[in-house]
Amino acid sequence: MTTSLRSEHLPALPPAVARPSYNRAELTTGIVHLGVGAFHRAHQALYTEALLNAGQRHWGILGVSLRHSTVPDTLAAQDGLYSVLERDATGARLQVVGAIHEVMYAAADPTALVARLADPRVRVVSLTVTEKGYCHDPASGALDPDHPDIVHDLAHPDAPRSAPGLLVAGLRARFAAGVAPYTVLCCDNLPHNGRLVAGLVAELAHRLDPALGARIAETVSFPGTMVDRIVPATTTADLDTVAAGLGLRDAAAVACEPFSQWVIEDRFPGGRPAWEQVGAQLVADVAPFETMKLRLLNGSHSTLAYLGYLAGFETISETVNQPDFRRLIQALMTEELAPTLAAPPDTDLDAYQSALLGRFANPQLRHRCWQIAMDGSQKLPQRLLAPARERLRRGESVDRIALGVAAWMRYVTGLDEQGRDIDVRDPLAARLAERAQAVRGEAGPLVAALLAERAVFDGELASDEHFREALETAMASLLSRGAQATVAGYAGS
């Protein structure tokens, strides 16, 4: 099958395939989205698609890739169309989405992108660029002025490379043209993500022009969000399933679980899509939802990923369906993570945890442990270190949290339990490996060497004797007994 999905094929799609019910030629671009990867296409774009189908034509999306041209090239060849394959044990559902009606590769023409950001019809700029895309220090939340992209953007503010640089350039262009600022909507898993990104953007702007920094801080809205949907990397098998369902090839297809949640602080002075009409939750304060998800879902996910990988499992579903791993994650959530939370309104934390275990175990989603293990230095501070810090201050146990952190430490040594190389994908991979190799795999020295990495561990945690002891105990077991036996010991009966 060589024919690829394009606009002219929409009328002839099989009846079971959902598709745009609107004329895409009538769309205007009201949203620019930075980071047009699989998660955005399976999450925020679908909410907007539902509104377009309901008649709100002025919220078309310009999807922008910051790092690679592959996705915009692929989408452009398909008129921006792509498929979403939702599946679980009950079956699969296929939908063709048309909300992304324009695509750009930022590095090809950053000046042209800044001009699009200045368009007064654009009222929301949203982002899913992953934690490392914000060029900040995860431990402190501050902008990293030595990050190569920030160094470039300070020298070339009209041709920025970074997400913060693009946001600043677009806002500066709008102010110069007398256009009201857009709302910046971060949809990444960052603590207090709206407030954090507001600080990073204002700091970068201040370094360029203090008056610009002050104006951004005073006039631009950065609502917080919480996003939730499991979206594994698309496989060849997924593409074959989509092709069989469409009767066409779709190189931009994404696969995901049926569950989807989007919680958004309702602070959009320039207007916004009516996402609450299609399932999003618009709230006054997103913090309780965000913290719940970061710790219970993301913290458990990371723990499963590192321990599962070390134990030889390929996917999260394989890992959590092992009884010892399932008991460990249940205990981690119930006994160490959930007690650090204030439940969001109308949320049953016990039911939420039970649902998470069911989602993790979905056999139709081959979410690879290796994929989730990426960029751990950027993720651990909010997922596991923040709850550890709270529990330690109260004199409470952190044994299972420490096991997850120790598994990350073991993983970033770069060698698995059989002595084979691990392909560690992390901005600090080389630095972490150098620290680990200098101590030759001894538990105490290895823990001490990695705790000294201030880009991950702040001074409070690094100097806490209870935390260090818990890490050393877990690491000694991982090194001597391996992940499988260690998990059995921590899981209990």
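The values are calculated or read from the model by the stated rules, or taken from the named source; none is laboratory data. Fair warning: this is a prediction, and the values are worked out from it, not measured in the lab. In this analysis, Cβ positions are derived from the backbone assuming ideal geometry, glycine residues included, and neighbour counts consider all displayed protein chains.
Worth a mention:
- The combined condition, being surrounded by 23 or more Cβ atoms within 10 Å (Cβ to Cβ), of a type in the set (A, V, I, L, M, F, W, C), out of contact with any Cys (no Cβ under 6 Å at 6 or more places or on another chain) and assigned to a loop (DSSP other than H, G, I, E, B), is fulfilled by ALA252.
- Residue satisfying condition, being surrounded by 18 or more Cβ atoms within 10 Å (Cβ to Cβ) and under 30 Å from LEU239 (Cβ atoms), within set GLN378, GLN382: GLN378
- Strands (runs of 3 or more DSSP E) fully within region 12-119 counting 2 or more residues that are modelled with pLDDT under 95 and assigned by TED's automatic domain parsing to the domain that holds VAL227: 82-88, 91-97
- Summed over region 198-207, residues that are touching a residue at least 24 places away in the same chain (Cβ under 8 Å) and surrounded by fewer than 24 Cβ atoms within 10 Å (Cβ to Cβ) total 4.
- Hits in region 385-423 - residues which are farther than 15 Å from TYR306 by Cα and among the acidic types (Asp, Glu): GLU390, GLU396, ASP399
- For first residues located in region 124-149 and part of a strand (DSSP E or B), partners that are among the basic types (Lys, Arg) and lie 6+ apart or on another chain with Cβ distances below 9 Å form the pairs VAL124/ARG272; LEU143/ARG207.
- Matching residues in region 276-295 - criterion: being out of contact with any Leu (no Cβ under 7 Å at 6 or more places or on another chain) and buried (at least 17 other Cβ atoms within 10 Å of the Cβ): ALA280, GLN281, LEU282, VAL283, VAL286, ALA287, PRO288, PHE289, GLU290, LYS293, LEU294
- Residues of region 336-351 that turn out to be part of a helix (DSSP H, G or I) and touching a helix residue (DSSP H, G or I) at 6+ places or on another chain (Cβ under 6 Å), as a count: 5
- GLY165 being without any contact (Cβ under 8 Å) to a residue 40 or more places away in the chain, out of contact with any Gly (no Cβ under 6 Å at 6 or more places or on another chain) and crowded, with 21+ Cβ neighbours inside 10 Å: yes
- Residue match in region 412-419 (condition: assigned by TED's automatic domain parsing to the domain that holds ASP324, on the phi > 0 side of the Ramachandran plot and more than 27 Å from the chain's Cα centre (by Cα)): yes
- Within region 63-112, the set of residues being at positive phi and either in contact (Cβ under 8 Å) with a residue 60 or more places away in the chain or under 20 Å from the mean Cα position of the chain (by Cα) (or both) comprises just one member, ASP79.
- Breaking point among (1) under 26 Å from ASP188 (Cβ atoms); (2) surrounded by fewer than 17 Cβ atoms within 10 Å (Cβ to Cβ); (3) free of Cβ contacts under 8 Å to residues at least 40 places away in the same chain, for HIS58: (3)
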